Amino acid sequence: MGLDFERILPSIPYILQGIPVTLAYTSVSLFFGFIWGALLALCKVSHLTFLKWVAVFYTSIFRGTPLLLQLTLIYFATPQLVGYNISIWEAGILAFTLNSAAYISEHFRAGIGAVDKGQTEAALSLGIPYSLMMKDIILPQAIRNILPSLVNESIDLLKESALISVIGGADILKRATIVANEKYIFFEPLLVAGALYYVLVMVLTCMAHLIEKKLKTS
Amino acid sequence: MIRLENIHKFFGSHEVLKGISGEISQGEVLAIIGPSGSGKSTLIRTINLLDPPTSGKIYIDGTCITEGSVDVGKIRTKMGMVFQQFNLFPHMTTLENVAYAPIKVKKLPRQEALNLGKILLQKVGLEDKEKTYPPQLSGGQKQRAAIARALAMEPEAILFDEPTSSLDPEMVKEVLNVMKGLAHTGITMIVVTHEMGFAREVADRVWFLDAGQLIEDSPSHTFFREPRTRRAYEFLEKVL
């Protein structure tokens, strides 16, 4: 079939420059998604029915519609709606954060539920207020419970971040397609992009295994 | 110090406590005994409102704590609790477990709380386990650390909910010894237990519960010598 990597060789550094872009989208969204997801989970386990209802509804919306739709809606509709000319970076971070938070909040909720009830009782019996109990007693143990699924979430996010190329973000995939269109060969640059994603995902997978192993032994 | 008035507790339609009244005075050691399922643990858990009673009133130092307006957190700081399953915080060292509530709830300066924690750990014989995490402790050590944690809030009373029931036999004694050391030092102790030896030797008074009712409230020496009720007599026959 005649693969010809030599023709795209000069363009490979250009594609490689997409790695920090992809990683930036992934890590920044994961960071905010983690915080926002934790807050949503706190709403879900709260005794305030209104907060619970809002968080559950939020989650169902973001899990019930395509991420690509959310991303394009945010990017194209924000200027029309609020008159703010949102950048690709902002739209991407916003969409990925809001979306991953919905998933992370579900992990968190399960993680909080898995913390032994005796922990709450011990905290209550010491007169520790609810907010401190959550922050210092329950959440640290919940985070430990959900570390492996958080790494999985970051793997999903890393791959899904390729959607940013649809609205023009210069990530790995976008750069590969630019090279492809320029040289009019498609197989090679896309293969390079695929390999890059694969390596990144494998690194994260190894991290997940290490964390799981460490959690098991301690 | 603690007064119970006609405490009823339902779990769904099941009535676990059927109208319990009684009084515990400051500094007293009270053992609550009775067959499994008699409501002992539920009773002790109603006292600090972990399981609030369905009806009835609880007074602590004359204040009714079962009325809506009281600060439950504040009441609980006056009453420590020691659990059957220890419930230490696994992500904190033993010393942090003990010092956490004094720092965060009582707002004691950190260094002062840590010093207090060290003194208490020494008191329960765990001075060499300050930096150890709970999963690395034996059952008996965990329970002694839990006692130190409860003491750190300098409560007026400590509630012990079957403190030795999940321990290996050889570890029961070290925990009971710590509890013996606390008795009659001014702190009120309410102990749900199956350790009849402890109840007889250390407790001032015994409540015998059966099927959700307090059917005997006697000084422990008379209770073990000559129980007044047939049910208590039969129970003692079986366990002694």
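Looking only at segment B:65-78, residues that are without any contact (Cβ under 8 Å) to a residue 40 or more places away in the chain, crowded, with 18+ Cβ neighbours inside 10 Å and facing chain A (nearest Cβ under 7 Å) come to 1 in all. Taking segment A:131-181 as the range and being away from chain B (no Cβ under 14 Å), assigned to a helix (DSSP H, G or I) and small (Gly, Ala, Ser) as the test, the residues that pass are A:149, A:154, A:161, A:162, A:165, A:176, A:180. Identification of helices (runs of 4 or more DSSP H) wholly contained in segment A:35-127 with 2 or more residues that are among the basic types (Lys, Arg) yields A:49-64. Of the candidates B:81, B:92, the single residue that is in a strand (DSSP E or B) and facing chain A (nearest Cβ under 10 Å) is B:81. Out of everything in segment B:33-57 that is farther than 15 Å from residue B:211 by Cα and charged (D, E, K, R), what residue ends up being surrounded by the most Cβ atoms within 10 Å (Cβ to Cβ)? Going through the qualifying residues, I end up with B:45.
Are any residues in segment B:205-240 among the small types (Gly, Ala, Ser) and part of a helix (DSSP H, G or I), and if so, which ones?
Result: B:220, B:232.
When each of B:21, B:38 is tested for being outside any strand (DSSP E or B), among the hydroxyl-bearing types (Ser, Thr, Tyr) and touching a Gly at 6+ places or on another chain (Cβ under 9 Å), the lone residue that passes is B:38. For segment B:123-136, a residue qualifies if it is crowded, with 18+ Cβ neighbours inside 10 Å and either of a type in the set (Ser, Thr, Tyr) or within 29 Å of residue B:49 (Cβ to Cβ) (or both), and the qualifying residues are B:124, B:134. Per the conditions (1) in contact (Cβ under 8 Å) with a residue 40 or more places away in the chain; (2) within 14 Å of another protein chain (Cβ to nearest Cβ); (3) not hydroxyl-bearing (Ser, Thr, Tyr), the sole criterion not satisfied by residue A:89 is (2).
Yes/no per residue for (1) under 22 Å from residue B:102 (Cα atoms); (2) among the β-branched types (Val, Ile, Thr):
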residue	(1), (2)
B:132	yes, yes
B:145	yes, no
B:149	yes, no
B:174	no, no
B:201	no, no
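The criterion of being out of contact with any Ser or Thr (no Cβ under 8 Å at 6 or more places or on another chain), modelled with pLDDT of 95 or more and among the small types (Gly, Ala, Ser) holds for residue A:64. Check residue B:43 against each of (1) of a type in the set (A, V, I, L, M, F, W, C); (2) farther than 21 Å from residue B:200 by Cα; (3) part of a helix (DSSP H, G or I) and name the one condition it does not meet. Single failed check for residue B:43: (2). Could you tell me whether residue B:123 is without any contact (Cβ under 8 Å) to a residue 40 or more places away in the chain and more than 25 Å from residue B:240 (Cα to Cα)? It is false that residue B:123 is without any contact (Cβ under 8 Å) to a residue 40 or more places away in the chain and more than 25 Å from residue B:240 (Cα to Cα).
Among residues that are over 17 Å from residue A:24 (Cβ atoms) and either touching a Leu at 6+ places or on another chain (Cβ under 9 Å) or not aromatic (Phe, Trp, Tyr) (or both), residue A:194 is included.
The values are calculated or read from the model by the stated rules, or taken from the named source; none is laboratory data. For clarity, every value in this text was computed on a predicted model and none was experimentally measured. Cβ atoms come from the backbone with ideal geometry, glycine included; neighbour counts cover every protein chain shown.
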